[in-house]
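The values are calculated or read from the model by the stated rules, or taken from the named source; none is laboratory data. Keep in mind the model is a prediction, meaning the values are calculated, not measured. Virtual Cβ from ideal backbone geometry, glycine too; neighbours counted across all protein chains shown.
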Amino acid sequence: MNAPAEIAYLPERPCDIAMRRLKSAPLEPIMFCNWQRVLFINLEVDKAALQREVPFALDLYDGRAFVSLVAFHVRDIRPRFCGAVGKTLFRPLEIGELFNVRTYVRSRGEPAIYFLSEWLGSRINLHLGPTLYGLPYRFGRMRYNHDEEAGEATGEVCDRGSGARVRYRVNIPGPFIPAVSGSLDEFLVERYSCFTHFRGPRRYFRIWHEPWPQARVEVQEFENDLLVANWPWLSDAKVISANYSPGLDNIWLGRPHILKQFTRRAFMEFP
């Protein structure tokens with residue numbers, strides 16, 4: 001009699017764990033949206049200087065700390081409920097171009113991101129984001145030309161108050177596939193929780209999506225006046241990698257939670 005064949009089990013992906021975390025809270029998710037033409041520019045930074053800016057423990061990769069600049073388009077924000085009526089009501093909340101400066105943190109075993117700041121051109125969201133989610137929004141002007149078909153992405157982000165700017169140009173080779181499990185690329189791009197602390201209590205919210213179809217890209221030009229103007233210690237930061245994704249539809253967005261309201265169930269430890 002032949003012995004039964006050994007069953008091979010694939011390890012859980014970060015997005016699988018993220019889905020369980022998100023759905024562990026009632027009524028999650030509450031919104032959906034599309035994130036399109038997403039560029040990540042990743043900088044290695046001094047971890048002691050970074051930790052002074054961040055009210056959560058840093059999440060390190062091989063003892064190294066990182067800040068990432070993420071430039072992308074947010075489209076078609078819509079509520080989970082209320083159907084076409086809700087989608088129409090949410091139309092004024094369309095964000096469009098968004099630019100965030102983020103780092104990587106961990107609390108009670110949960111990997112997450114923390115926004116140092118975010119720039120957008122939507123005046124209504126400029127007020128709603130900080131109030132509801134604790135997001136550190138600033139008013140900016142973004143000009144993106146992200147064209148994976150042409151193999152290039154260029155962009156400029158300008159702070160409306162100071163006039164300080166970020167400019168970049170990258171080559172996009174493709175093909176676009178999920179990041180390798182355990183790699184630095186996966187560490188930097190596959191994040192599904194966010195902790196915030198801006199104009200109010202510490203908060204968190206969660207998201208979910210399929211793994212990014214992405215590729216390593218080559219940074220041809222990069223000017224970081226905007227970063228140095230806000231965080232002088234970033235003048236010594238080094239661009240160590242960049243990733244580009246055509247984007248994903250149907251991103252799940254969770255509701256904001258106050259940190260002090262964490263319960264064992266709401267902040268479960270997942271393997």
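Some points to look at:
- Of the criteria (1) at pLDDT 95 or above; (2) buried (at least 19 other Cβ atoms within 10 Å of the Cβ), which one N171 fails: (2)
- Test: residue in segment 182-192 that is hydroxyl-bearing (S, T, Y), modelled with pLDDT of 95 or more and surrounded by fewer than 17 Cβ atoms within 10 Å (Cβ to Cβ): yes
- Hits in segment 193-211 (condition: crowded, with 16+ Cβ neighbours inside 10 Å and of a type in the set (D, E, K, R)): R202, R203, R206
- Leading residue by the ranking (surrounded by the most Cβ atoms within 10 Å (Cβ to Cβ)) among those in segment 212-247 that are out of contact with any helix residue (DSSP H, G or I) (no Cβ under 9 Å at 6 or more places or on another chain) and assigned to a loop (DSSP other than H, G, I, E, B): V217
- Of all residues in segment 135-182, those that are in contact (Cβ under 8 Å) with a residue 24 or more places away in the chain and in a loop (DSSP other than H, G, I, E, B) total 13.
- All told, W231 falls short of being touching a Cys at 6+ places or on another chain (Cβ under 9 Å), modelled with pLDDT of 95 or more and not charged (D, E, K, R).
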